[in-house]
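The next block holds one structure in the form of structure tokens; read it before the comments.
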Amino acid sequence: MTDRRSSSVSSRKQPRQARSTELVAAILEAAIQVLRKEGAQRFTTARVAEKAGVSVGSLYQYFPNKASILFRLQSDEWRQTSALLRDILQDGGKPPLERLRILVHAFIRSECDEAAVRVALDDAAPLYRDAPEAEAAKAAGEGIIEAFMREALPKASETSRTLAGDLISATLRAVGKQFSESPRTPAEIEAYSDAMADMLCAYLERLDARKD
């Protein structure tokens, strides 16, 4: 990819009117379509503008470069993931391990549903991963995991809980990415999610029973 990394990947301005909001939505939908078809290597603002049916100048009113478009898509994905974590892990009506099992199934299914876009965004990450906005966005879900670990492992030390949270988060991301890179049937997704949930739940059960 030839674009020089920008120190800022924020949108140029936020839409304030319905027409502007619709324009930004059309640009982002077009960007997703271009990513799915062309991948990150051939992703350009010109292709996005053409797919959206708008001029490049109109696109630049809201997104100064292709990195800002890609970062917006990635930020939306991070927000969706944070919402998924919050809705499932903060559901006090279910035991912690049941919540973890539900999360694993939902996360793997989500990874498979949007595999093409997620892989392309991973490829594009060098354009925005060091920007301050990226650090802030990635940190959004950390507090949710930390709170869940305090509930799931009340007798464990803070060090053990932090390690467990980091390991589960890293495992979900890495395994979800690897598994979703090939087309999967619903039965394969279900079986894989069950096996992964069994493994992670057993890990937490062992930690909870251990004396730090």
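In the set Ser160, Ser182, only one residue is outside any helix (DSSP H, G or I), of a type in the set (Ser, Thr, Tyr) and out of contact with any His (no Cβ under 9 Å at 6 or more places or on another chain); that residue is Ser182.
Against the test of being farther than 21 Å from Gln178 by Cα, modelled with pLDDT under 90, outside the structural domain of Gly141 (by the TED database) and open to solvent by 20 Å² or more (accessible area, probe 1.4 Å), the options Arg42, Arg47 yield a single qualifying residue, Arg42.
Scanning segment 198-212 for residues that are modelled with pLDDT of 85 or more and basic (Lys, Arg) yields one hit, Arg206.
Selection of segment 23-39 for residues being at pLDDT 90 or above and of a type outside the set (Val, Ile, Thr) yields Leu23, Ala25, Ala26, Leu28, Glu29, Ala30, Ala31, Gln33.
Of the residues examined, Leu103 is one that is in the same structural domain as Met196 (by the TED database) and within 19 Å of Lys177 (Cβ to Cβ). Every listed requirement among (1) out of contact with any Cys (no Cβ under 9 Å at 6 or more places or on another chain); (2) assigned by the TED database to the domain that holds Cys201; (3) surrounded by 14 or more Cβ atoms within 10 Å (Cβ to Cβ); (4) in contact (Cβ under 8 Å) with a residue 24 or more places away in the chain is met by Arg79 save one, (3).
The values are calculated or read from the model by the stated rules, or taken from the named source; none is laboratory data. Owing to the predicted nature of the structure, the values given are computational and were not obtained by experimental measurement. Reconstructed Cβ throughout: ideal geometry from the backbone, glycine too, with neighbour counts over all protein chains shown. Just the protein is used for accessible areas: all its heavy atoms, side chains included, with ligands, DNA and RNA removed. Shrake-Rupley method; radii C 1.70, N 1.55, O 1.52, S 1.80 Å.
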